[in-house]
Every structure is written in structure tokens, then in C-alpha cells.
């Protein structure tokens, strides 16, 4: 069993396992003995061949496409804030000796330190097992020339698995994740020991002053990687040990055998880790990691001056070093790395004195917190429940571990709400604590994505609301101080607004009614938009008589009018069924009696239940109607019967006797006399006429027939008597 196999085995033992667990793990070593031979330098992508130029490719078969000059060209074009130099393509080509970038490196770093007196470690706490906040540095020089670094570089690749580039055997869907690092030094006098740290957190030299030096910013995370290399005999023999940061380790072999020192977990180690520059298509067994120095003088692609001023950017044997590891075989393929630090050291011991260093920024392997409100950008009604979803996404690696955080562990996502009545609040700080949500990475736990949902939030006041989410970090990412914050008003804000209503009323009857009639009012309430649910509330009805309406007689304005019913009790509205969209509701007033002629007007005032809807009023001209009355009369005709009667002798004889005209209330001159008129004739004339002009006591008021009887009674036996009965019929229509 090789030391490399043992290191890989221990690397998979969880932090809490006991010695029995370790013993049991040894029983499955045979499984790992079957892993195919590996060759980190024969991937066909990067040239681990002892020089820095792509044009010099002695890496064997398959021929690799990239070398450090391409890494330089790609890295120096990155913005300064991202660890680059902000050069354009032409400037980068001049700087790096080539005008093309890598073939798919996901992250690159290339950093120059031409001042040999700059940035050396100082202080007793500057040891690899110590926390970064105990490290210190200064610009003082005084180091041996062999320990002075001039450039340091790193690159990361994520390749499809192959025989030469295997992925994590425990994760079939993973990529083959590779890390490469390199450096060059001022002098090759003597053996060289160096280390390369790959940090997940961003590390900088901008710390506070401490004693005679300056501190670093940033902190270790579990599984930060340290690769320690020792090259003797001019680089012919190499020893490489791969460590990871592991706070469960308290000292050498404590509490587990893989503990190399406090905080250092031995993952892999080999004393035959030289990359074989003349490798055949069959990879060198155990080549999951390797390193190599230049075996002879090489020409560096960028400006390089060593102690001997070797011409033409020449680097003597041992002044250039490069190495590579397969992260996937350490089960760290999904781990992100933001910063890389190359260091020289007094020995390969974990407690070696650290000397020179170059710090570079490899990538942006840090979680980003974004949020999305369930009603983002929308207008919602008061009382609507809204939630905020926080998504933490880790970039910079193919299979990063999902962020974690729960209330039980003390690191959930915390949600806040901010409010402004008139405009969208910034919500960059402050606000009201809403609650917490636990992160959930879903079924895929190594895609670097996890979400948390806030408790429900149901605001009732009109205005503008925004969420804010914070996360303190976990054992893989962070801790963050201040916490990682998600502020994105485009996705986190919404408006609470009551839905408007209109009330439209129709008088019943709606146009003209008669004085003394009963009337009522019918009201229809309509929502201005959907989404508020059924309308509920009540309506107060008012009725203005002609003396209470406006001067123009066209409206019943508040506060005029009498409440209907007289007590002013509001009438509940009833939702229209089947339901309409937008919602509607109706109500009818009590009846009222109109007792004046002229224009009457209704007014209806809707008051909603709750605050989803606004109130509304209808007192328009459509609310008015007219009250009218009819004129009447009668006729009563009175007929007073009149008559005249004449009697005469036929041949002119004088008349002697009595001539009587009698009115009878009958049609045949029978019955009692109503009126009688009498003349006495004395022979003075042969004719006589009687009229009833003085009849004043008998009136006829209805359709009726009366009769007149004219009777001459002669006292002269020589003259005959005379009698005549006449009937008068009158039709009366009133």
C-alpha cells in the first residue's frame, strides 16, 4: 500500500469518526488499489514539462495545449480588482510573450514581484498551522537569494473525465478538476522548499499593523489546500505532500493518524512525485499529483532576470518550478478557491519558517446571495401573503459544495422587510426583522446552489415594501462579517395598494313618478381590478327632496339629504352570483315616499369591510328623478225646463175662458204639477200666449225627460176647448 493511497483514504474519513472507523476503512483499501494509473501531467491540456512556454512542449503524449505564457496572457487582462493588471490584448502579449489565452482554464492568476525586498513573512505566528490572522509580513529583504520569488502563477481546469484525467470515483457525474501552480526564483543555489496555499476565502495583505509587520485579511476554511514540495539534487528527486486545513486536528497524530499538525490534514504524500517529462502514452503509476523544476537552462516567456543575469530571460536549472494536482481524486473537485499564495520555507516541516511569498487572486470562488420576492414588481392588495426566496450560488468550480445554514446550527438566512409609504425603500440596512429560513440544496448537493424561503409576510398598509436577506456563512464559505447580503430592489420589492371601487346607483323608478309614490335606490359596486376576492361592506343611502338638492337641482351632495331608512342604518352589499371578474356587489335601499313635486336625487356611500377595497360614492345626475302631480275637475250641468204655449180661435172669434200651462216631472203630462202658469181670457182677443220664463224652482241635473201640458177651457159654448202635451228629453254629460 502506497503512502499516496493511505492519504486518499484518510481524506475521506469524516471529522467525527473514531479509531474503529479508521480501522474499518483500512479493510476497503483493495477497492482503491483498482484505481487506474493516473497522470496529472498527461491530460492533453497543460504542459508539466519543466518550462513555461507553450512552444516548448516536451510533455509526451498526448501533446498538451497550454503553458504558463498563456496563463499569463489571460490573467494580466483581468481587472485589477480581480487580481489582474487590466492590460489590453496587445499589452498582455508584450508582457507574456504570447498572444493567445488558455484552452479553457476556468481561473488563472499571474503575479510579479520584482522588488526582492517586498513582502516577506515576519513574526513567530507566521506558520502554516497557524490561523491567517496570526500571520504578518513586512517589506524588509534580507532573505537568502534562493528564497526570493519573482513570479508566481496558478490555473484551474475542469475537464471531461478520461483515462488520463479521472474524476472522483465516488461521484460518477463529476468532472476532472485540476489545479496547477508555478513560480520562479532569483537564485538556484541550494535545494528549494516551497509551499502553495489555495484559499477558498479571499486573502489580502491589507491587514492592520501588528508589531513590526502588517497583518493579512481573510480566514481559513475547512479544505483549504497546502502543497509542500522539496526538490533536492537539482530537482531530480521530489517529495510532495498535500495537506488540507482541518480544525479537528489538534496536533500531530491527534486525534487521527492523518493529522500532520494542528489544523493540517495529510491527504497525499509521495517521495517520487517528479513529473516525467519524457513519459510514454502509459502514465506513470501514482501520478495523481506531481511537480518538476527545469532540468536545464530555459528561456522564460516574460521578462526574467536571475542572480547571474542569465541572458535572454534565461532561468538556470532549479529556478523554475511547476506542479499539478487532481482535485477530484482528493474529493475536493467541487471546492472553490479564490486566492493562491506561493511561499518559500526553511524546510518541508509543518512548522518550517516561512520566508518570501507572492499572493495572487485566482478567481471569484465565493457565494453570491440573490433574492426574489414572490410578488416582485407587482401591486398586491392589503393582507396578501408575500415571501422572499434567497438563493446562494457558488461559482468558480464545477461541483462546489452547497451552502448550508439552519436555525439549529445558528447560521440560517435572516430576512428583513423595509417600508416607505411613497417610494421604494433602499433597504440596504435596518428594516424590521421578519424571521429566518433554512437553506436547502435540493437533491443535488454539489452544484453550489441552495435556497431559503422567508416566513410569510402579510402587510396591510398601503405603500412600498422591500426584502433584505443576510447569511453569516458556514464551514465551507465565510464566516462573513458583515454577513453576506442580498439587496436587489428589482427582485425584492412590491407595492401594497387597495383596489379602487366605483358605486353606480339607479333610482327605482328611474325617471318620473307621481306625487305620493314609493321609491327606492339600487346600487352596484364594481372593483377596479381583479384579485381582491368578493366585495363586502355596506352602503348608506340618502334621498334629497327638491329643497335639499344642489342649486341646479341635479345632485344630492353630502351632507344634504335624509338617510333611508330614517335611522340611517347601512345596508349590507351582496356579492353578485355567479361571481364576476372584476368582482361586483349590489344593495337596495329601503323605500321612501315622495311628497313634493320637483327633482329628487339619491346619494349612495359604499364603505368596505377591511382594507382590500376603497370606498366610493355615487351622487351624480344619474341618481335623480322627477315627481309630478295631475290636475282634475268636474262639470255639473243644470237644465231649467222652459216652455211657451199659444192658443187661438181658428176663425178669429174672441176667446173667453182659462188657459193653463203645467210642467210635469214625467214624460206624459201625468202626475202632480211641478209648475203651473194660468191666464184668464175675457173675450178681448182671439189668441193668448203663456211663457214659463219665471220658472226658478225646478232644475234638471241628469239626463231626464219632462212634459208640458197646455189646456184651454172655454167659457163660451160657441168656442171649443184645446189641450196639448209635449215632452222634452235632455241628455247631460259632465
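For residue 586 and residue 204 in the same chain, what is the full-extension length gain: residue separation times 0.36 nm, less their Cα-Cα distance, in nm?
Full extension of this stretch gives 130.5 nm more.
R0 = 30 Å: FRET efficiency of residue 628 with residue 733, Cβ-based, nearest 0.05?
Values: r = 28 Å, r/R0 = 0.95.
The value I calculate is 0.60.
Calculate for the chain the 222 nm mean residue ellipticity that helices alone would give, adding -39,500 (n - 2.57) per DSSP H run of length 4 or more and normalising by residue count, nearest 500 deg cm²/dmol. Walk me through the numbers on the way to the answer.
On the way: 6 runs with 42 residues, N = 734.
One gets -1500 deg cm²/dmol as the mean residue ellipticity at 222 nm.
If both residues of a DSSP beta bridge must be in the chain, then about 95% of such bridges are antiparallel. Bridge orientation summary for segment 367-496: considering DSSP beta bridges with both residues in this region, about 95 percent are antiparallel. Ranking 78, 508 by Cβ neighbours within 10 Å, fewest first, what do you get? Listed from fewest to most nearby Cβ atoms, that is 508, 78. Among 562, 309, 174, sorting on how many other beta-carbon atoms sit within 10 Å of each Cβ, with the fewest leading, yields 309, 562, 174. Distance between the C-alpha centres of segment 540-607 and segment 236-262: 88 Å, rounded to the whole angstrom.
Once you have the Cα-Cα distance between residue 115 and residue 407, take 0.36 nm times their residue separation minus that, and quote the gain in nm to one decimal. Don't skip to the answer; put the middle values down first.
Details: separation 292, 0.36 × 292 = 105.12 nm, distance 4.94 nm.
Extending this stretch completely gives an extra 100.2 nm.
Working from Cα pairs under 8 Å separated by at least six residues, relative contact order for segment 644-730 is 36 percent. Scoring 470-476, 335-341 by mean Cβ neighbours within 10 Å over their residues and listing the highest first yields 335-341, 470-476.
Listed options for semi-axes √(5λ) of the Cα gyration tensor in Å are [x] 125, 23, 23; [y] 62, 26, 22; [z] 41, 33, 29. The value calculated from this structure is the one marked [x]. The distance linking segment 161-212 with segment 296-352 is 9 Å (Cα centroid to Cα centroid, whole angstrom). Annotation for residue 444 and residue 699: the two label points, set 7 Å from Cα along the Cα-Cβ direction, are 11.5 nm apart. Shown is the FRET efficiency for residue 595 and residue 528, computed with R0 = 35 Å from the Cβ-Cβ distance and rounded to the nearest 0.05: 0.35.
Compute the relative contact order of segment 367-496 as a whole-number percentage, counting only Cα pairs closer than 8 Å that sit 6 or more residues apart in sequence.
Numbers: 359 pairs, mean separation 46.7, N = 130.
This gives 36 percent for segment 367-496.
Each Cα pair under 8 Å and six or more residues apart adds its sequence gap; the mean of these over the residue count of segment 512-628 is a relative contact order of 39 percent.
Quote to one decimal, in nm, the extra length available between residue 646 and residue 368 on full extension: 0.36 nm per residue of separation minus the C-alpha distance between them. Let's see the in-between values first.
On the way: separation 278, 0.36 × 278 = 100.08 nm, distance 13.65 nm.
Length difference between fully extended and current span is 86.4 nm.
In what order do 502, 451 fall by count of nearby beta-carbon atoms within 10 Å, going from fewest to most?
Working: 502 15, 451 21.
With the fewest neighbours first, 502, 451 line up as 502, 451.
Values quoted throughout were computed directly from the atomic coordinates according to the rules given, and no laboratory measurement underlies them. Everything quoted here is computed from the prediction, not taken from an experiment. Heads up, the Cβs are rebuilt from the backbone with ideal geometry, glycines too, and the neighbour counts pull from every protein chain shown.
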